[in-house]
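Colleague: Can you read through this structure? Questions will come right after.
The values are calculated or read from the model by the stated rules, or taken from the named source; none is laboratory data. Owing to the predicted nature of the structure, the values given are computational and were not obtained by experimental measurement. Neighbour counts run over all protein chains shown; Cβ positions are idealised from the backbone, glycine included.
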Amino acid sequence: MANAACVGGSFLGVEKGKPATVSNLGAPAVLLLVLACLPLVLPSSDPKQGMSFGDLDGGGSAAGLQYPYGAFASSPVLSLTVVDARRRRGGGGNAKDASEAENEGQSMMSGHLDVVLSGGGDGEDGEAANQRKPKRKKPYNRHTPRQIEQLEAMFKEFHHPDEKQRAQLSRQLGLDPRQVKFWFQNRRTHLKNQLERQENARLKHENDKLRVENLSIREAIRDLVCSCCGGPAVLGELSPEEHQLRLENARLRDELARMQAELQMLSPLVPIREVTFLRFCKQLAEGAWAVVDVSIDGLQTDQCLATNTKCRRLPSGCVLQDTPNGCKVTWVEHAEYPEASVHQLYQPLMRSGLALGAGRWLATLQRQCECLAILMSSLAAPEHDSAAVSLEGKWSLLKLARRMMENFCAGMGASSSREWSMLDGFTGSTGKDVRVMVQNSVDEPGVPPGVVLSVATAVWLPVTPERLFNFLRDEELRAEWDILSNGGPMQQVLRITKGQLDGNSVALLRADHTDSHLNSILILQETCSDRSGAMVVYAPVDFPAMQLVLGGGDSKNVALLPSGFVILPAGSSAGGVGHKSPGSLLTVAFQILVNSQPTAKLTVESVDTVYSLISCTIEKIKAALHCDVC
């Protein structure tokens, strides 16, 4: 392709790939140079459009040389050069002025100008040039503010109005339906672009944030320190053996867990045993699993992990086997403990395995499984319910009962999970078989503020565990031993079954009092029994608080001070509730608020008062069951 230009009266011809030359020539030489450049000019796509050069010496002729239209770039300098050549030779050629040629050859889309030169003749080329003039654009009509306001109001409701809505809107605004249609199209496009810009800005912000995090991580990697020696860490490739060891270590970490537990027999005459052991879980086969524990108290070298325990678990655990109608559990418990630390009343029970042995684990596991199965089934609907209780209210009540049981067990055995302080030489007139503990409660959720005293003792009764359990849980006979009943029977308001046995349930009791203040107090009671023993735990609660709980509200702020009884079979032939035994071991524990000031000091009189209440309760139970052994 060749380019041509004229600069300052001198014509410059440039061919692709060849150097350009410039000559200062006169007017006749200009024409000859133009003719010489004809082979270098590409023809136009339209052969009918062209420029004609006449004989500049002797007058123009329509039959002059034809040049493709637009072959030369329009330039005022070029136009003036051609005009100057005509004037010098006096020819009759019709060369238009530069500004006029630019106005006639203006293009609509490209924006550049073409020169139109025509020789003297009949003027057909001039008429063709006039016909090629572009039409003027129609004036841009802007919408009025009122029209825009109504269009925006319609757009808020309908982004895509149908034809009927657009026609109605066009009649209201005095617009053409096509204008309304195009406005909505443009508005949707504008909204889409706006949302895309916002999304791009958000993504850009996240990208910048990730870049900053990436830089911080890179800086941290540069400053790696070895955790063993404290020196700079060196990144290198791991050998296959070391990689395999790391994988094996990760697998063992998933399967081995160091655990700490408190093995507690619910009696003040048997101390709590804290054990630290490793637990290993593994699937033996399809449908068979094993859970094995072993103590590591004697293997620990870290002083901060060592615990002063008097019980060690030798390899113990269970094997679980899947069956068509449930699961088969085989439990093995192997432990060492000093028998001298156990009271002589409980030594036969410890030897039988129902205290901390495999029988206790299986009985508790079976009771919990039955409880979960019943609660998750349709049988969990409340019985003897005078008012409709929602599912949320039932679960909230069960959570409250569970917290009551946990606080009762913790207050009896001085668990490390609760802030109880043992009072060794602070028993007053009580005997050595009584455990006294105190807790100062300050803004503790679920516990009233003040000084809380916990007193627990244990006695032997010549009655079967089953008879003793049925007597204590019967609301009709509660007036024979409970001071809160005020000498009258209790009325059962609500009961939720938690097991197959009749005694496993959570109940709400209310005393029939003429005093309106006592009528506002309810008794929350949970009873449970299995072959290892039985429990009856209760706590007074306010009526407004229970309304909140039964309505599905949160029960963690309901204040509770639980009291109750633990029944264990006595003798070497202990068989639990429902089996004959030489008697029962009854543990009685009360938690009472003795002072509402948390900073108050505990007095001996307060301890004697609580112990007198326990002693009076035990005597009433003996009298009701006709026990002639004190």
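Colleague: Would you call S454 assigned by TED's automatic domain parsing to the domain that holds T599, under 40 Å from the mean Cα position of the chain (by Cα) and either assigned to a strand (DSSP E or B) or surrounded by 23 or more Cβ atoms within 10 Å (Cβ to Cβ) (or both)?
Modeller: The answer is no for S454.
To keep it simple, each residue is scored yes or no on (1) closer than 19 Å to L397 by Cβ; (2) assigned to a loop (DSSP other than H, G, I, E, B).
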residue: L484; (1), (2): no, no
residue: Q500; (1), (2): no, yes
residue: G503; (1), (2): yes, yes
residue: V536; (1), (2): yes, no
residue: A539; (1), (2): yes, no
residue: P544; (1), (2): yes, no
residue: G552; (1), (2): yes, yes
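Colleague: Related question: Which number in (1) over 30 Å from L365 (Cβ atoms); (2) modelled with pLDDT of 90 or more marks the one condition that D512 misses?
Modeller: (2)
Colleague: Something else: Take the range 457-504 and flag every residue that is modelled with pLDDT under 85, of a type in the set (D, E) and over 48 Å from the mean Cα position of the chain (by Cα).
Modeller: None; the set is empty.
Colleague: It is to be established whether one or more residues within the range 251-268 are at pLDDT 80 or above, more than 18 Å from W361 (Cα to Cα) and over 32 Å from the mean Cα position of the chain (by Cα).
Modeller: Taking every residue of the range 251-268 in turn, at least one turns out to be at pLDDT 80 or above, more than 18 Å from W361 (Cα to Cα) and over 32 Å from the mean Cα position of the chain (by Cα).
Conditions tested, residue by residue: (1) hydrophobic (A, V, I, L, M, F, W, C); (2) within 17 Å of V566 (Cβ to Cβ); (3) not assigned by TED's automatic domain parsing to the domain that holds S396.
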| site | (1), (2), (3) |
| --- | --- |
| P338 | no, no, yes |
| M350 | yes, yes, yes |
| G359 | no, yes, yes |
| L375 | yes, no, no |
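Colleague: Please state which of the following conditions F408 fails to meet, knowing it meets all the rest: (1) modelled with pLDDT under 80; (2) surrounded by 19 or more Cβ atoms within 10 Å (Cβ to Cβ).
Modeller: It fails just one condition, (1).
Colleague: Applying the selection to the range 579-621, what residues are among the small types (G, A, S), within 50 Å of the chain's Cα centre (by Cα) and not in a loop (DSSP other than H, G, I, E, B)?
Modeller: A589, S606
Colleague: Of everything in the range 463-482 that's touching a Gly at 6+ places or on another chain (Cβ under 8 Å), within 28 Å of K399 (Cβ to Cβ) and not aromatic (F, W, Y), which residue is surrounded by the fewest Cβ atoms within 10 Å (Cβ to Cβ)?
Modeller: N470
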